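Visitor: Quick one: the structure is below, questions incoming.
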Amino acid sequence: MNDYNVHQTNNSETEETPEQAQQEREKEREKEMQDDEEELRKLLLPNVHDLPLTPPSAIDFNFVAYFAPDFLKPGHDQYVYRHANGLCVIGLAPTHVAFKDEGGITAVDFNVGKSDRSGFKVTGKRKKNAQHFESNTAICKVCTNNDSYIVRCCVKGSLLEVNNRLIKQPGLLNSSVRITEWLRS
């Protein structure tokens, strides 16, 4: 016998039929789909042990916090909470010097510049009558027993509304729940 006959194999055993190839492709697709489903399940249903003990607050979840230090007047720092839709909430940072004065904040006056910021109303979908501000525009004046401080806009944009409760209850700024009080009113 020659070597050619010994190494020759039966072609019918090694060749796949079209049906077998189709079945193999279907098995591969099915395995890929199972892997994708498992990955999606891990994303949608996280492990309970990986979750925090307390869920994040609505402010932490929906807003990005920025700190705006004032380099010209040290201690006149502010914060900006920015929502994904572009809305910004501006306030005094906990490091602001107004909180360090004895007695805390005693008055808030929105009558700065050429107009009273608390006396206008924004209407409609396009926010008609909104006041357009630059980053250095004064929004209000915050008074303590000893001094008064100007609160600036910090960002370029339009003023949609002010918290009128601060006029009657300026002590709200002294509380540690500044942003949640604003969002509830």
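Visitor: Using each residue's phi in the stretch 162-171, evaluate 6.51 cos²θ - 1.76 cosθ + 1.60 at θ = phi - 60° and report the 3J(HN,Hα) Karplus result to the nearest Hz, with x for Gly and Pro.
Guide: Using θ = phi - 60°, the values come out as 10, 7, 5, 5, 5, 5, 7, 10, x, x Hz.
Visitor: Pairs of Cα atoms under 8 Å, at least six residues apart: use those to get the relative contact order of the stretch 84-154, whole percent.
Guide: 35
Visitor: Hey, if you put +1 on the Cβ of every Lys and Arg and -1 on every Asp and Glu Cβ in the stretch 26-88, which of F61, L45, Q34 ends up farthest toward the positive end of that dipole?
Guide: F61
Visitor: Note down the accessible area of E32, probe 1.4 Å, to the nearest 10 Å².
Guide: We get 110 Å² for E32.
Visitor: Debye sum, Cα scatterers, the stretch 25-82, no solvent: what log₁₀ I/I(0) at q = 0.13, 0.14, 0.20 1/Å?
Guide: -0.65, -0.68, -0.87
Visitor: For the stretch 44-110, place one equal point scatterer on every Cα, skip the solvent, and apply the Debye formula. What is log10 of I(q)/I(0) at q = 0.13, 0.22, 0.26, 0.27 Å⁻¹?
Guide: After summing over all Cα pairs, the log10 values are -0.57, -1.01, -1.12, -1.14.
Visitor: Tell me, what is the Rg over Rh of the chain, with Rh the Kirkwood radius over Cα pairs?
Guide: 1.48
Visitor: Taking amide H positions as placed in the peptide plane 1.01 Å from N, state which residues far from T106 in sequence (5 or more) or on other chains have amide H under 5 Å from it.
Guide: C143, T144, N145
Visitor: To the nearest 10 degrees, how steep is helix 18-44 against the longest Cα principal axis of the chain, on a 0 to 90 scale?
Guide: So the helix axis and the longest Cα principal axis differ by about 20 degrees.
Visitor: Amide H of A68: which non-local residues (sequence gap of 5 or more, or other chain) have their own amide H closer than 5 Å, using H built in the peptide plane?
Guide: Q78, Y79, V80
Visitor: May I pose another question? Rounded to two decimals, what is Rg over Rh for the stretch 66-148 when you use alpha-carbon atoms and the Kirkwood radius? Could you put the intermediate results ahead of the total?
Guide: Details: Rg = 14.5 Å, Rh = 14.6 Å.
Computed over Cα atoms, the ratio is 1.00.
The values are calculated or read from the model by the stated rules, or taken from the named source; none is laboratory data. Given the structure is predicted, the values throughout are model-derived calculations rather than measurements. Note that we place each Cβ from the backbone using ideal geometry, even for glycine, and neighbour counts take in every protein chain shown. When the accessible area is computed, the model is the full protein with side chains, heavy atoms only, and any ligands, DNA or RNA have been set aside. Shrake-Rupley method; radii C 1.70, N 1.55, O 1.52, S 1.80 Å.
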